[in-house]
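The values are calculated or read from the model by the stated rules, or taken from the named source; none is laboratory data. Computed from a predicted model, the values in this text were never measured in an experiment. Using ideal geometry, Cβ is built from the backbone for each residue, glycine included, and neighbour counts are taken over all protein chains shown. The protein model used for the area step is the full one, side chains on, heavy atoms only, and it has no ligands, DNA or RNA in it. Shrake-Rupley method; radii C 1.70, N 1.55, O 1.52, S 1.80 Å.
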Amino acid sequence: MSRLARASALACTVVCITAALVACGVGADGGLGVSMGPGKALRVGVKMDQPGLGMRAGDGTLHGFDIDVARYVAAELGVTEARLSFVEARPADREDLLERGEVDLVVATYSITPERSQRVDFAGPYFIAGQALLVRRQNSDITGPESLDHSDWRLCAVVGTTGAARIRADFAGRVSLRESASYQDCLRRLRLGEVDALTTDDVILAGYAAQQPDQFKVVGKPFSAERYGIGLRKGDPRRPKVNAALRRMINDGSWQASAGEHLGRSGYRIPPPPTVEG
Ligand code: GLU
């Protein structure tokens with residue numbers, strides 16, 4: 001790390017600890033830093049542990065379909081690369097990050113739901129996924145949601161996801177739900193045999209299965225419709241502009257190109273882009 005980068009990383013840490021006066025996090029160029037330069041700044045909450053969607057590479061740079069969506073929308077809002085920064089948005093923190101003003105947007109496989117819509121606004125949808133199951137490669141007992149009738153089976157889901165909520169609501173008493181703080185923890189528990197399956201959106205699971213095909217596989221038909229939206233603070237007047245940006249991304253072919261590059265690789269069948277509402 002150069003002296004300048006080290007200094008700016010330190011400055012960022014100090015600023016983050018003392019007061020959130022300026023945007024902190026991973027700069028759009030991948031480096032840690034404080035957004036610099038003239039013009040509008042934008043802080044975007046993204047995933048950093050989901051291959052194909054929002055993933056941090058070894059050199060700190062971020063890649064994936066959601067990252068491309070965030071960059072496209074930022075550019076359409078007139079934000080330059082230098083003023084765009086990314087902040088990690090864990091599933092359970094997304095509404096809080098927006099409400100506390102720590103991020104301007106959340107682009108993080110964020111399903112639009114009535115409960116979340118009471119606290120935040122959504123632009124979109126810009127992608128539709130569905131809940132599915134990831135099991136160990138050699139497992140032939142769990143073949144889809146219809147197999148979830150065995151109270152001995154332990155299902156891992158991440159705290160704050162729609163997947164965890166759906167298992168609690170629709171499969172209560174039929175399986176044993178084990179909630180984890182992160183996908184990495186669920187994957188570790190699945191590998192070790194501490195749980196029998198991991199459940200969340202099929203597009204996320206496809207990325208993990210592609211990362212370790214000798215260990216894991218996705219099974220069964222999706223059993224929900226997860227409509228991904230871009231989260232904004234309640235009443236944020238930029239919502240129509242964000243919707244217009246999503247529409248443009250779909251219409252000019254950028255959506256398809258990014259989905260093909262980042263999601264197609266895992267063998268995931270890319271659905272057609274949805275109609276952006278609003
Ligand atoms: N789309 C689901 C949700 O919003 C799960 C994906 C995630 O972990 O972000 O809760």
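Keeping the other protein chains in place, figure out the carbon and sulfur percent of the accessible area of the chain, with a 1.4 Å probe.
Reported share for carbon and sulfur atoms: 53 percent.
Roughly how many Å² is the accessible area per residue of the chain, as a whole number, for a 1.4 Å probe?
Value for the chain: 45 Å² per residue.
Between R119 and K217, what is the spin-label point distance in nm, taking each point 7 Å from the Cα along the Cα→C-beta axis?
Label at R119, label at K217, 3.8 nm between them.
Would you count, across the chain, every pair of lysines whose alpha carbons are under 23 angstrom apart, provided the pair is eight or more residues apart or spans two chains?
The result is 5.
Helix-only mean residue ellipticity at 222 nm, the chain, DSSP H runs n ≥ 4 weighted -39,500 (n - 2.57), per residue, nearest 500. What is it?
-9500 deg cm²/dmol
Computed FRET efficiency, Cβ-Cβ of I270 and S176, R0 30 Å: what is it to the nearest 0.05?
Calculated value: 0.35.
When the Cα centres of region 97-127 and region 169-248 are compared, how far apart do they sit, in Å?
Answer, in whole Å: 15.
Take every Cα pair under 8 Å in the chain that's 6+ residues apart, average their separations, divide by the length, and report that relative contact order as a whole percent.
Worked out over the chain, it gives 23 percent.
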